[in-house]
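The values are calculated or read from the model by the stated rules, or taken from the named source; none is laboratory data. Just so it is clear, the model here is predicted, and its values are computed rather than measured. We place every Cβ from the backbone using ideal geometry, glycine too, and count neighbours over all the protein chains shown. Please note that ligands, DNA and RNA were not included when accessible areas were found on the heavy atoms of the full protein model with its side chains. Shrake-Rupley method; radii C 1.70, N 1.55, O 1.52, S 1.80 Å.
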Amino acid sequence: MTHNVLAGLAAGAAGTTALDAVSYLDMVLRARPPSSTPEDTVRRLEEALPLRLYPDGRDSEAASNRRQGLGALLGIAAGLAVGAGYGLVRPRLGRLPLAVLGTGAGLAANIGTTGPMVAMGVTDPRSWPVSSWLSDLLPHLAYGFATAAVFELTCHARRSA
């Protein structure tokens, strides 16, 4: 079990890198700005918890920079957590095609990250245009396929050794 969690963490790290790469490529191709939802999520957490990031003022540049950094770190933590969860669940799924495994992992990551933002009122996917759905779904599918592929390679390498 420990090996599966560690393999899942490694796979989640690869998936997170793939997600970020696809997101940044989308920003380059469409000249779109980065999403503000990670920073907005940290702001909501700040409001809900005794967390103060603004000794120079709530709307200071320093507070905004900290929110951006924490938002990115939350994304990395989510990618690792979903990867670890994948490592726990994957052995119970039997022989499924990589396409099914990757789609499942990508959807799990999407729900795992978007769900809390919806619950906190940061975003409402029902109001998103198609372009927003695509710019959210495609990176998460990249995450899922990278996560599934790395996990399978890691476990195959272990079985071959």
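What angle do you read, to the nearest 10 degrees and between 0 and 90, between the alpha-carbon axis of helix 98-119 and the longest principal axis of the chain?
Helix 98-119 sits roughly 20 degrees off the main axis of the chain.
If R₀ is 30 angstrom, what is the calculated FRET efficiency for the pair residue 88 and residue 119, using the beta carbon separation as r and rounding to 0.05?
0.80
Rank these residues by their accessible area, most exposed first, probe 1.4 Å: 3, 140.
3, 140
Just to be sure I understand the model, the point goes 7 Å from the Cα along the line to the Cβ. What's the resulting residue 60 to residue 128 distance in nm?
About 3.4 nm, to one decimal.
Take the Cα gyration tensor of the range 45-100, multiply each eigenvalue by 5, square-root it, and list the three semi-axes largest first, rounded to whole angstrom.
Over the Cα atoms of the range 45-100, the ellipsoid semi-axes are 39, 11, 7 Å.
Average the reciprocal distances over every distinct pair of alpha-carbons in the range 23-161, invert the result, and give the Kirkwood radius in Å.
This gives a value of 16.8 Å.
What's the FRET efficiency of residue 36 with residue 96 using the Cβ-Cβ distance as r and R₀ = 41 Å, to the nearest 0.05?
Rounded to the nearest 0.05, the efficiency is 0.70.
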